[in-house]
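Please read the structure below before turning to the comments.
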């Protein structure tokens, strides 16, 4: 969050023009198919200037959706001790971020994504490319199963945001983190590593058929 | 859903005035502390007219939030075969409703609740009084544990709405219902009936202490 405070370098108009171009590009074409060069062209600036203002493509993307934490810092902490207990560590870290002032900013993004298709696309891209794909990579989850496993984790954690932080449904809204970790950690663990039945979508052939 | 089509009885203005008064009252004081009499007074009509237009307090409440399905119909179906397998039945019924045209209307309510504190309160009241409390009652879940258990279920199902129907994160957005039921049913089952650790929030006393 240090980068959010203090004086920002460069001309604020140019920064804003680049950010707008980046936001449009990421939402329209997705993170993977968007290049710094294309954003620079669309903003009418040199690509070097985009790097100068925003750093890498990852960092530029985070700036467009104004997310108040950096998954590149958090994910390695969660994954550090391997797959055992990762469900509980993920839930605990998640609660720590969302229970902090950063959570208020994240909730605003979440709200906006519900009513604005463009923001929803950015948030989906963010989850897919910056959070879920990286997390399953760090945890060395079977790439064939990783997308469904990680979108199930996303469903549980997005619902936690809805119920605890936005609808504020009790008692989950005020439950101590330890209680939430004990209840929800095993869900996340099972989604990442457990037996979920058929994961590929193809119907099972009847036995002996 | 039949009640949504065809000619509605009564003066549309009076209906609208009653609905507005009901919406304000339910959001401000909650479902339990709101009476038909108070709504009638606030709308400047006779309580009998409120009953005539909208039926019971439950039915009036459903009309205020424009929910496209009636939990009083669905919950007994889910609970009919008892606690065994209720997780899978709940997820299957949930997907059937949300994958249908009714889901589009429900998603609109969900979106609105994210950005409007009044709608959020109505949705919270709806979930608490019309869905969760009834469901745990039908399933005879320990009343001391029912609120946390049911708010955990709500968190998983609200997240399913977010990821499958609003963000449309793949592969969960397009996963066949059977696959979702196999993956998420056991989560719901565990939240309703499993060991979740400490459920009361009080710190455990050390052994022998």
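Values in this text are rule-based calculations from the coordinates and carry no lab data. Model, not experiment: these values are computed from the prediction. With ideal geometry, Cβ positions are generated from the backbone for all residues, glycine too; neighbour counts draw on all protein chains shown.
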Shielding score for A:110-123, defined as the mean number of other chain Cβ atoms within 10 Å = 3
Kirkwood Rh in Å, taken over region A:1-130 so that all alpha-carbon pairs contribute = 15.9 Å
Can you give the angle from 0 to 90° between the axis of helix B:177-193 and the longest principal axis of chain B, with both taken from C-alpha atoms, to the nearest 10?
-> 80 degrees
Per-residue Cβ neighbour rank within 10 angstrom, fewest leading, A:162, B:114 | B:114, A:162
Count, for each residue of A:170-181, the Cβ atoms from other chains sitting within 10 Å of its Cβ, then give me the mean as a whole number.
-> 4
Note: region B:12-65 at 10 °C, 1.306 mPa s; Kirkwood Rh on alpha carbon pairs; Stokes-Einstein D in µm²/s works out to 151 µm²/s
Computed label-point distance, nm, for sites residue B:33 and residue A:117 using a 7 Å Cα→Cβ extension | 4.2 nm
The protein assembly as shown: percent of C-alpha pairs farther apart than 28 Å?
-> 54 percent
Compute the long axis of helix A:86-98 from its Cα atoms, compare it with the longest principal axis of the Cα atoms of chain A, and write down the angle in degrees, 0 to 90, nearest 10.
-> 40 degrees
In nanometres, what is the gap between the two model label sites at residue B:173 and residue A:46, each 7 Å from Cα along Cα-to-Cβ?
-> 3.9 nm
Give the span of region B:71-193's Cα atoms along each principal axis, as three whole-Å numbers ordered largest to smallest.
-> 35, 34, 23
Find the relative contact order for chain A and round it to a whole percent, using C-alpha pairs within less than 8 Å whose residues are 6+ positions apart.
-> 22 percent
Tell me, what is the FRET efficiency for residue A:72 and residue A:104 to the nearest 0.05, using R0 = 25 angstrom and their Cβ-Cβ distance as r?
-> 0.70
Once normalised by the length of region B:71-193, the mean sequence separation of its alpha carbon contacts under 8 Å that are 6 or more apart gives a contact order in percent of 40 percent
